[in-house]
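Written below as structure tokens is the structure these notes are about.
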Amino acid sequence: MSEEKKKFELSPSAAIIIAGVIVAGTIFAVNRAPANQPTLANAAAAGAAVAPTDLTIRPPSAEDHIIGSPTAPIVLVEYSDFQCPYCSVVYPTLKKIQAESNGQIALVQRQLPLVSIHPNANPAANAAECVAAQLGSDGYWKFADALFADQSKLSDSYYVQVAQQLGADMNKYRTCVTNKTYQSRIDQDTTEAGQSGGNGTPFTVVVNTKTGKMAPASGALPEAQFLSIINSLK
């Protein structure tokens, strides 16, 4: 399959299966799930819910980078890579779904930098976490907006420029980035995603906070497919 037809980035270290799933005329690439995990391709295509014991992500909380309330009936938890082109594709889709939900859906973003193929991903994640430490979720999402708007600009100097424009204390920012203060948080997100079958990006877990049911969605799925998965959990 050509690079143009992939709909999410695959980690070279991940054992992968390329499966063509035709949905609304689009072909999606999927990766192999762990033995105890329902196949992500089937779950995404059919909107199948899986028991919370099959997914090991921590519950959404106010500690997350979140738009909306962590107690909203549905929370979309996306594991993302700032250098992944397909993450930039799904980013506005997820934000649109949240914005049009009348408070019924919240959006969380966690880090899944594919460092072996995206050298800018981990520095960008560190920069984003350092901005969030000062400016909260609002600052984090504005920073993410800027990075996904033009991934060709990804660089340390660009992160500094955006952080400064957003009003961060630059001495604190530089110290935070230099010390990689939030690397452990990034590593936690990455490990968590991998344990739930997220070996590529974007990887989203749809969570019903009322029932505890969850469903994984791998790839830059169209809005209609995300809504199908969401509706299956209600």
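The values are calculated or read from the model by the stated rules, or taken from the named source; none is laboratory data. All values derive from a computational prediction rather than experimental measurement. Note that each Cβ is placed from the backbone with ideal geometry, even for glycine, and that neighbours are counted across all protein chains shown.
Structure values in brief
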| quantity | calculated |
| --- | --- |
| Output for the stretch 191-234, where each listed residue is over 20 Å from Q111 (Cα atoms), of a type in the set (D, E, K, R) and either out of contact with any helix residue (DSSP H, G or I) (no Cβ under 9 Å at 6 or more places or on another chain) or modelled with pLDDT of 95 or more (or both) | K210, E223, K234 |
| Residue, surrounded by the fewest Cβ atoms within 10 Å (Cβ to Cβ), within the stretch 191-234, restricted to residues that are over 15 Å from the mean Cα position of the chain (by Cα), part of a helix (DSSP H, G or I) and aliphatic (A, V, I, L, M) | A224 |
| Flag for A48 being modelled with pLDDT under 50 and either buried (at least 20 other Cβ atoms within 10 Å of the Cβ) or part of a helix (DSSP H, G or I) (or both) | no |
| Failed item in (1) among the charged types (D, E, K, R); (2) surrounded by fewer than 21 Cβ atoms within 10 Å (Cβ to Cβ); (3) closer than 21 Å to C84 by Cβ, with D169 passing the rest | (3) |
| Subset of the stretch 157-189 (residues that are more than 13 Å from C130 (Cα to Cα) and out of contact with any strand residue (DSSP E or B) (no Cβ under 7 Å at 6 or more places or on another chain)) | S157, Y158, Q161, Q165, D187, Q188 |
| Residues satisfying the stated conditions in the stretch 172-190, i.e. more than 18 Å from Q109 (Cβ to Cβ) and surrounded by fewer than 17 Cβ atoms within 10 Å (Cβ to Cβ) | K172, R174, T175, T178, N179, K180, T181 |
| Qualifying residue in the stretch 174-183 (condition: in a loop (DSSP other than H, G, I, E, B), of a type in the set (A, V, I, L, M) and at pLDDT 95 or above) | no |
| Candidates D150, D189 - the one that is closer than 25 Å to Q98 by Cβ and without any contact (Cβ under 8 Å) to a residue 12 or more places away in the chain | D150 |
| Residue check for V131: part of a helix (DSSP H, G or I) and under 19 Å from T181 (Cα atoms) | yes |
